[in-house]
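**Student:** Quick one: structure below, then a few questions.
The values are calculated or read from the model by the stated rules, or taken from the named source; none is laboratory data. Keep in mind it's a predicted model, so treat the numbers as computed, not measured. Here the Cβ is made from the backbone with ideal geometry for all residues, glycine too, and neighbour counts use every protein chain on show.
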Amino acid sequence: MARTPSNMLPLGTKAPDFTLYDTVSEKSLHLNDLNGRNGTVIMFICNHCPFVKHVNSEISQMAKDYIESGVKFIAISSNDVENYPQDGPDLMNENAKSEGFIFPYLYDESQEVAKAYEAACTPDFYLFDDQLELMYRGQLDDSRPGNGISVTGNDLRQAIDSILNNEQVNSTQKPSIGCNIKWK
């Protein structure tokens with residue numbers, strides 16, 4: 001199991017624009033149609049990564065916890081499906097349903113969106129404010145498969161709560177750790 005860290009895009013970066021195919025609604029969706037009125041969480045995930053499987057239930061719950069607060073979640077898979085067919089769009093749709101995702105699960109076939117966000121691993125988390133400026137990037141929490149720490153989403157939850165309470169987001173942010181994005 002690879003342990004690749006996030007690249008940690010600079011805080012304040014404007015969210016790179018995109019239009020991607022949503023495997024849930026089966027429509028092409030644009031970032032401006034998906035962003036939340038109070039914040040947007042963009043996650044690079046995939047179906048097969050053990051680090052993602054470890055946190056799927058928490059990210060599903062977080063999206064449900066924050067939807068009424070005007071924070072939206074967006075998942076993107078950028079893996080090479082020729083060499084990793086378990087991450088293909090049909091199986092992404094099935095995974096979204098089985099995990100109870102209430103957010104789009106977008107397919108980045110060209111991998112251009114992952115490159116624009118400097119995504120390195122799955123999972124990789126980015127929190128943007130209502131102006132789509134980066135306020136947080138990095139880990140969900142300190143839990144990893146096999147380390148005995150419960151999955152709480154604490155790091156990302158604290159950042160979201162700071163935005164919702166008009167407070168400064170803590171600038172001490174830890175990179176996520178996960179499987180590397182499977183580049184073509």
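**Student:** State whether the residues of the range 78-100 include one that is over 20 Å from Tyr21 (Cβ atoms) and either touching a Gly at 6+ places or on another chain (Cβ under 6 Å) or surrounded by fewer than 22 Cβ atoms within 10 Å (Cβ to Cβ) (or both).
**Tutor:** Checking the range 78-100: at least one residue is over 20 Å from Tyr21 (Cβ atoms) and either touching a Gly at 6+ places or on another chain (Cβ under 6 Å) or surrounded by fewer than 22 Cβ atoms within 10 Å (Cβ to Cβ) (or both).
**Student:** Got a number for residues in the range 4-23 being closer than 18 Å to Phe103 by Cβ and either touching an Asp or Glu at 6+ places or on another chain (Cβ under 7 Å) or modelled with pLDDT under 95 (or both)?
**Tutor:** 1
**Student:** Is it true that some residue in the range 72-94 is charged (D, E, K, R), closer than 23 Å to Gly138 by Cα and without any contact (Cβ under 8 Å) to a residue 60 or more places away in the chain?
**Tutor:** Taking every residue of the range 72-94 in turn, at least one turns out to be charged (D, E, K, R), closer than 23 Å to Gly138 by Cα and without any contact (Cβ under 8 Å) to a residue 60 or more places away in the chain.
**Student:** Out of (1) in a loop (DSSP other than H, G, I, E, B); (2) closer than 15 Å to Cys121 by Cβ; (3) modelled with pLDDT of 95 or more; (4) out of contact with any His (no Cβ under 9 Å at 6 or more places or on another chain), what's the single condition that is false for Met1?
**Tutor:** Unmet for Met1, out of (1) in a loop (DSSP other than H, G, I, E, B); (2) closer than 15 Å to Cys121 by Cβ; (3) modelled with pLDDT of 95 or more; (4) out of contact with any His (no Cβ under 9 Å at 6 or more places or on another chain): (3).
**Student:** Restricting to the range 127-177, and then to whatever is in contact with a strand residue (DSSP E or B) (Cβ under 7 Å, 6 or more places away or on another chain) and on the phi > 0 side of the Ramachandran plot, can you tell me which residue is surrounded by the most Cβ atoms within 10 Å (Cβ to Cβ)?
**Tutor:** Gly138
**Student:** Out of all the residues in the range 14-40, which are polar (S, T, N, Q), more than 14 Å from the chain's Cα centre (by Cα), over 23 Å from Glu94 (Cβ atoms) and in a loop (DSSP other than H, G, I, E, B)?
**Tutor:** Scanning the range 14-40 gives a single hit, Asn38.
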